[in-house]
Amino acid sequence: MRQTAQVLIGGGLVLAGFTAAAQTPASIPEPITEAPVPARPTDFLTPAFHKQRRELLRAQLPPHGVAVVFAAPVRNRANDVDYVYHQNPDFHYLTGYEEPDAVLLLFKEPRTVGGQAGVTEALFTQPRNPAREQWTGRRLGAGGAKFQLALQFAADNKDFADAGIKWADFEHVLVTDLPADTRDDFANSADLHNLIATFRQQAGVPADYNPAVAAFNNIIRRNGIRNAKRVTDYLTGQVKENPALGTAPLIKAYLAATSDAARRAAIDAHPPGRFDDSTLGEKLDELRAIKTPEELALLRRAVRISAMGQREVMKLLRPEMGEMEVQGLHEYVYRRYGAEFQGYPSIVGGGANACILHYETDDRLRLDNDMVLMDCGAEYHGYSADVTRTVPPSGTFSPAQRQIYELVLAAQEAGFAACRPGAEFNAPNKATQDVVAAGLIKLGIIKKKDELRKYYPHGASHYLGLDVHDRGSYGPLMAGNVITVEPGIYIPAGSPCDPKWWNIGVRIEDDALITATGYENLSAEAPRTVADIEKLMAEPSALEGFKLPDLK
């Protein structure tokens, strides 16, 4: 039920379709909001965890510095329907607060905020509103945030503008980014849009600050020397699509450089100023890349749930199924095990659709016996898995399918062998590329290695955690990193090779924890070898016999 405005037209009642978001009809009584809260899971990260993360980050701030982190925007799906809210992972990591319209401040030295001296951390939250909570759910409010999340100082977001923060005293104002896709709720003077506007005005953010340019600048600062070719190629493509980017000083200087020394000089000549949108992200990259035992417990749960989804779907898969049905089965298993969301839109592609890397339509009505690629990951308490299996719906690989599959599996084994502390982040990717290139040449699909990217166009690894493509330095691998190992081969119809290979797309993706001596495959419960897959697909599923009546 959604509260709507009512309009009478020609004697009939028309629902105008807009939400009276800021006004609750006077006829609705204030609900009793202090009733006992129903039981929730007890394995969330603790306030002590989040407080430790804040203190570790605060310790790395420069003298006379302040870190500013905003909650994620509420994003509209259509008309008066919003997407399910998902918190900014940095904000979640530092606070555990899951509501919108909030801002967190961390001070290097104690400050006076809202008349309270000695403050090192301050959270401004959306206020309690019993009438609104009856429609949209419970709120912590400032008091709840302070005591339940163990914040030193908390106040309503409407108090942010008058909190008495002396922004001119800070030599460094550090942010990750300023959300650019906020909506201004005319009835809420302290929504995220207004919190950001207040911050920009009081903190002296440059009027010409451009979040898009800032994002590219940060890519250059963090990766522009270590991965010069990839960064240069990426930026060149972006500038081609949007020539105005090429006039930004750092981007222009970096693209003009022809050596690492010149690139370093360009970066050094364009450092972040007092308003610094680079350093905080780098510090969070370092912190979030090493998973704590508490984080690993949640991540293991997410990965195991995802592996169980792969197992049950393999056992139930049939040629007459469609992609959307397969997607729904994965996601049912996730919810059955307590995962709140998917970590990303599920990718279920059969045949030609398996050759589209981020295929999300999932609406092919019948799989037949084309290989079906299932890239699906559960999100458990904010932490996302990322597991891919590619299998034949009949339960038996054809000779061509088997050859491509076993080549990808051999590449993945080589990638796993490169997963060890101290190895370069790109080492698993390079190992997989070498195996795939040699195998494609042997099969006659390519003639030389530099044709590889035609059929293997992505990297083999990314960090995993609160984001499916998680924060990390992309430097040498370290114990506590969790990364994917995901080689693939994709041969769309019309490719310059024997047509027997056409429309075969295979990706095998697992989630690896880097340990002190090597790696642990967290998703090993989902079978990978041809023999193990065919054996499992012959077994009955726990979901067997689940059949809905036909819709006449």
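For segment 370-447, the set of trypsin sites (Lys or Arg not before Pro) satisfying both a DSSP loop assignment and a count of at most 14 other C-beta atoms within 10 Å is given as 447. Run the Debye formula on the Cα coordinates of segment 441-552, all scatterers equal and no solvent, and tell me log10 I(q)/I(0) at q = 0.16, 0.19 1/Å. Each listed q maps to, in turn, -0.99, -1.08.
Just to confirm my numbers, what's the Cα centroid distance between segment 274-303 and segment 200-229 in Å? Between the Cα centre of segment 274-303 and that of segment 200-229, the gap is 20 Å. In order along segment 199-214, the Karplus-derived 3J(HN,Hα) couplings, from 6.51 cos²θ - 1.76 cosθ + 1.60 at θ = phi - 60°, round to 4, 4, 6, 6, 8, x, 5, x, 4, 8, 4, 10, x, 5, 5, 4 Hz, and Gly and Pro are given as x. Straight Cα distances below 24 angstrom link residue 500 to the lysines 442, 447, 448, 449, 454, with same-chain residues fewer than 8 positions distant left out.
Report the local net charge at residue 64: Lys and Arg +1, Asp and Glu -1, summed over other residues whose C-beta lies under 9 Å from its C-beta. Within the 9 Å Cβ shell, the charges total -2.
Using only the C-alpha atoms of segment 54-186, find the volume of their convex hull and express it per residue in Å³.
That works out to 123 Å³ per residue.
Once every Cα of segment 408-467 carries one equal point scatterer and solvent is ignored, give the base-10 log of I(q)/I(0) from the Debye formula at q = 0.14, 0.25 Å⁻¹, two decimals. Ignoring solvent entirely, the Cα scatterers give -0.41, -1.01.
I need the shape label for segment 42-100. Rule: rounded when a/c is under 1.5, else prolate if a/b > b/c, else oblate, with a, b, c from the alpha carbon gyration tensor. Oblate.
Considering only Cα atoms, the convex hull volume of segment 223-339 works out to 205 Å³ per residue.
What's the carbon and sulfur percent of segment 167-241's accessible surface, probe 1.4 angstrom, rounded to a whole number? Kindly include the intermediate steps, with their values, before the conclusion.
Numbers: 2040 of 4040 Å².
Using a 1.4 Å probe with all protein chains present, segment 167-241 comes out at 50 percent carbon and sulfur.
One Cα centroid belongs to segment 92-160, the other to segment 318-340; the line between them spans 38 Å.
Taking only protein heavy atoms and a 1.4 Å probe, what accessible area per residue, in Å², does segment 41-151 have with all protein chains in place? Intermediate results must be reported in sequence, preceding the final value.
Details: 4650 Å² over 111 residues.
Heavy-atom SASA per residue in segment 41-151 reads 42 Å².
How much length is gained if the chain between residue 262 and residue 406 is pulled fully straight, taking 0.36 nm per residue apart and subtracting their Cα-Cα distance, in nm to one decimal? Write down the numbers at each step before the final one.
Values: separation 144, 0.36 × 144 = 51.84 nm, distance 4.41 nm.
Length gained between residue 262 and residue 406: 47.4 nm.
Compared with the rule-of-thumb size 2.2 N^0.38 Å for a compact globular protein, segment 91-154 has a Cα radius of gyration ratio of 1.17.
Close amide H pairs (under 5 Å, H built 1.01 Å from N) link residue 460 with 429, residues at least 5 positions away or on another chain.
Backbone amide hydrogens, once placed in the peptide plane, bring residue 109 within less than 5 Å of 64, 65, excluding anything fewer than 5 places away on its chain. Couplings for segment 117-130, taken from phi via the Karplus curve 6.51 cos²θ - 1.76 cosθ + 1.60 with θ = phi - 60°, read 7, x, 7, 10, 8, 9, 10, 10, 10, 5, x, 5, 7, x Hz in order; Gly and Pro are left as x. Rounded to the nearest 20 debye, the dipole size of segment 122-212 about its Cα centre is 440 debye, using +1 on the Cβ of Lys and Arg and -1 on the Cβ of Asp and Glu.
List the chymotrypsin sites (Phe, Trp or Tyr not before Pro) within segment 307-367 that fall in a DSSP loop (any state other than H, G, I, E or B) and whose Cβ has at most 16 other Cβ atoms within 10 Å.
Numbers: sites: 332, 334, 337, 341, 359; in loops: 337, 359.
In loop regions of segment 307-367 (DSSP not H, G, I, E or B), the sparsely surrounded chymotrypsin sites (Phe, Trp or Tyr not before Pro) are 337.
Bridgeable lysines around residue 158 (alpha carbons under 30 Å apart, same-chain partners fewer than 8 residues away excluded): 51, 108, 146, 166, 283.
Calculate what fraction, in whole %, of the accessible area of segment 338-434 sits on carbon and sulfur atoms when a 1.4 Å probe is rolled over the protein chains.
Details: 1710 of 3240 Å².
Carbon plus sulfur share of accessible area: 53 percent.
Only protein atoms count toward the accessible area here, which uses a 1.4 Å probe; on segment 488-534, the carbon and sulfur part of that area reaches 55 percent.
Each stretch of four or more DSSP H residues adds -39500 (n - 2.57); spread over every residue of the chain, this sum gives -10500 deg cm²/dmol at 222 nm.
Cross-link partners for residue 547 among the lysines, with Cα-Cα distance under 17 Å and sequence neighbours closer than 8 places in the same chain left out: 315. Normalised Debye scattering of segment 271-311 at q = 0.20, 0.21 Å⁻¹ gives log10 I(q)/I(0) of -0.70, -0.72, counting only Cα atoms as equal scatterers and leaving out solvent.
In the full protein context, segment 373-415 carries 21 Å² of accessible surface per residue, based on a 1.4 Å probe and ignoring ligands, DNA and RNA. Would you work out if segment 362-483 is rounded, prolate or oblate? Take a ≥ b ≥ c from the square roots of the eigenvalues of the alpha-carbon gyration tensor; rounded if a/c is under 1.5, else prolate when a/b is larger than b/c, oblate otherwise. Oblate. The residues of segment 178-255 expose, per residue, 55 Å² of accessible area to a 1.4 Å probe.
Both numbers refer to the Cα atoms of the chain; Rg and Dmax are 25.9, 76 Å.
The values are calculated or read from the model by the stated rules, or taken from the named source; none is laboratory data. The structure displayed is predicted, hence computed values, not measured ones. Because the Cβ atoms are built from the backbone with ideal geometry, glycine has one as well, and the counts that use them run over all protein chains shown. The accessibility values were calculated without ligands, DNA or RNA, using every heavy atom of the protein model including side chains. Shrake-Rupley method; radii C 1.70, N 1.55, O 1.52, S 1.80 Å.
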